[in-house]
Amino acid sequence: PPMAPPHASHVGARDGLQNEKKAIPLPVKLDLIERLAKTGLSSIEAGAFVSPKWVPQMSNSSEILSHLLEHPPSSPRPLTFSFLAPNIKGMDAAAAILAQHPSSYETETHRLAFPPSTTPRKSSKPALEMAVFAAATESFSQRNLNCSIADSLARFRAVIAAAKDADLRVRAYISVVLGCPFEGADVDPHRVAEIATSLLEMGADEIALGDTTGMGTAPRTKELLTCLRSAGIRNEDVAMHFHDTYGQALVNTAVALEHGIRTFDSSVGGLGGCPYSPGASGNVATEDMVYFLESLGMDTGVDLDAVADIGAWISAEVGKPHESSVGKAVLAA
Ligand code: HMG
Ligand code: MG
């Protein structure tokens, strides 16, 4: 049978920008999200309700969420906006904004259709998603969340319950699944499967596997996914979040596709990085991901020329070299 088309989800307005030291003006962030919405992406991560002391760049996420509810960007497809929440304080801040805009978001289509819907959207309301983020190693959990894995899972139980009460979809990241900056490449896939199972049992709709350091290789990606499958985790509940530090993101994407995974994160221009993962570079570029998926005959529904333009523009805005090979090639052609 033909392969189901993939979801190209975009994390650029959060992961792509969170690591930038210089404050990026709110209008630039909103412009980025609005431009991305027009390209056909099905999901855009737009901010993070985290401590402004820890990640100052995300401190205007409340304004971003309010703006998206008050002025929903036009998009060719049903669109989900996603925001990180590390604890109930972050979730409560998001819920307070939602309470001010009670009928501004979809409450019935909050589960991403699988395969993704290509029917034109009937409503201009976006769906919303909250994302919790666990880690596969204790060292990374301490650095990123200032608590143990077990404590983080206890916090996420409350966040997930509150998100479900507000009719939100829930994504649950697990970071450093293929390599930890503090514990090395040898991360136990069984531990990842246990954490994923707990998060799904709490009500998470999707597990996003984060190769935070980009240390993942093709054989270890295969081993991890095989281990998750043996633990009873369904492919449609899994998304891959590859950083491209070692240039292996598309190779690992090929392995995941062959395994049956269909949701892939990326960021225009290859921007991104986690402040608590020293040396790790950006997410795999959206331009490269879309080009690769389309080269396999898969219809992403995403306009490659448009994302290439956005990648060049936002790289210049944040004063970074443009890291997407495909983006540069498309713009030069
Ligand atoms: P903590 O210091 O242990 O928190 O940090 P606390 O509960 O003790 O509170 C300390 C202060 O922070 C208090 O303020 C709280 O009110 C405030 P004070 O009384 O001192 O003025 N606070 C908050 N403020 C706003 N929003 C909140 C919030 N929570 C507490 N939600 C905490 C614990 C979890 C808050 C902190 O560690 C944190 O914010 N961490 C987030 C780190 C982060 O954002 N990392 C990057 C995202 S994850 C990532 O990039 C990986 C990913 O891309 C996948 C991959 O690549 O693997 C997703
Ligand atoms: Mg990341």
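From the list Asp186, Asp167, which one is in a loop (DSSP other than H, G, I, E, B), surrounded by fewer than 20 Cβ atoms within 10 Å (Cβ to Cβ) and modelled with pLDDT under 95? Within the list Asp186, Asp167, the selection yields Asp167. The residue of the stretch 267-286 that is farthest from ligand 2 (Cβ to nearest atom), among those that are among the polar types (S, T, N, Q) and more than 18 Å from Lys53 (Cα to Cα), is Thr286. Which residues, taken from the stretch 279-333, are of a type in the set (D, E, K, R) and not in a loop (DSSP other than H, G, I, E, B)? Answer for the stretch 279-333, where residues must be of a type in the set (D, E, K, R) and not in a loop (DSSP other than H, G, I, E, B): Glu287, Asp288, Glu294, Asp305, Asp309, Glu317, Lys328. Does Val177 fit the bill of being in contact with a strand residue (DSSP E or B) (Cβ under 9 Å, 6 or more places away or on another chain), closer than 22 Å to Thr213 by Cα and either assigned to a loop (DSSP other than H, G, I, E, B) or of a type in the set (Asp, Glu) (or both)? For Val177, the condition - in contact with a strand residue (DSSP E or B) (Cβ under 9 Å, 6 or more places away or on another chain), closer than 22 Å to Thr213 by Cα and either assigned to a loop (DSSP other than H, G, I, E, B) or of a type in the set (Asp, Glu) (or both) - is met.
Can we say Arg143 is modelled with pLDDT of 95 or more, closer than 17 Å to Asp205 by Cα and of a type outside the set (Ser, Thr, Tyr)? Steps first, please.
Details: modelled with pLDDT of 95 or more: yes; closer than 17 Å to Asp205 by Cα: no; of a type outside the set (Ser, Thr, Tyr): yes.
No, not satisfied.
Please enumerate the residues belonging to the stretch 189-245 that are assigned to a helix (DSSP H, G or I), away from ligand 1 (no atom under 13 Å from the Cβ) and β-branched (Val, Ile, Thr). Thr197, Thr221, Thr226, listed by residue number. For Ala85, the requirement of being closer than 29 Å to Trp54 by Cβ and buried (at least 19 other Cβ atoms within 10 Å of the Cβ) is met.
Looking across the stretch 247-295 at every residue that is more than 14 Å from ligand 1 (Cβ to nearest atom) and aromatic (Phe, Trp, Tyr), the one that is surrounded by the fewest Cβ atoms within 10 Å (Cβ to Cβ) is identified as Phe292.
If the condition is being in contact (Cβ under 8 Å) with a residue 40 or more places away in the chain, under 17 Å from Arg229 (Cα atoms) and hydroxyl-bearing (Ser, Thr, Tyr), then the stretch 174-213 contributes only Ser198. Within the stretch 68-78, the residues that satisfy the criterion of being crowded, with 18+ Cβ neighbours inside 10 Å and out of contact with any helix residue (DSSP H, G or I) (no Cβ under 6 Å at 6 or more places or on another chain) are Leu68, Leu69, Pro72, Arg77, Pro78.
The values are calculated or read from the model by the stated rules, or taken from the named source; none is laboratory data. Treat the numbers as computed from the prediction; the structure is a model and nothing was measured. Because the Cβ atoms are built from the backbone with ideal geometry, glycine has one as well, and the counts that use them run over all protein chains shown.
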